[in-house]
1. Output the relative contact order of the range 10-129, whole-number percent, from Cα pairs under 8 angstrom with separation of 6+ residues.
2. Using a Gaussian network model of the chain with C-alpha springs under 10 Å, which one of 83, 105, 30 is most mobile by mean-square fluctuation?
3. Given only helices, namely DSSP H runs of n ≥ 4 each adding -39500 (n - 2.57), what is the per-residue ellipticity at 222 nm of the chain, to the nearest 500 deg cm²/dmol?
4. For the chain, modelled as a Gaussian network with Cα springs under 10 Å, which listed residue fluctuates most, 88, 12, 113?
5. Among (1) 13.1, 38; (2) 18.6, 56; (3) 15.4, 49, which is the computed Rg and Dmax of the Cα atoms in Å?
6. Among 120, 35, 60, whose mean-square fluctuation peaks in a Gaussian network model of the chain (Cα, cutoff 10 Å)?
7. With labels modelled as points extended 7 Å from the Cα through the Cβ direction, what inter-label distance (nm, one decimal) is found for residue 51 paired with residue 13?
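Computed from the coordinates by the stated procedures, all read-outs in this text should not be read as laboratory data. None of the values given here were measured: they were computed from a predicted structure. Note that we place each Cβ from the backbone using ideal geometry, even for glycine, and neighbour counts take in every protein chain shown.
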């Protein structure tokens, strides 16, 4: 855990994964995600899949004005389902959709879904609502 209470890493077994076969474990770090499966290990580096929602000239202008441009996103999130059906759809090619564990806590603040967002934000990235 960091001094702010955000974990450096979060590991969980997803209930379902679309875009990768045989997933047995997902580990999320501030700068990457590691997917363990029956075929080996896949590392998804967030800097490679990050999407900026402003043009490059606009980001440069913001920096010249000493303002921070918007945070790049690495995934969409769907939070408006029952806790075990919530998911993240990462900006990989093809898209990688990871659904929360079957035993996902109903309490949002104690959920993996919330903790994953915190870990990703600790790396300077964001997830965007689908809704």
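1. It rounds to 29 percent for the range 10-129.
2. Maximum fluctuation in the GNM of the chain, among the listed residues, is at 105.
3. -5000 deg cm²/dmol
4. With Cα springs under 10 Å in the chain, the top fluctuation among 88, 12, 113 is at 12.
5. Only one option fits the structure, namely (3).
6. Maximum fluctuation in the GNM of the chain, among the listed residues, is at 60.
7. Label at residue 51, label at residue 13, 3.2 nm between them.
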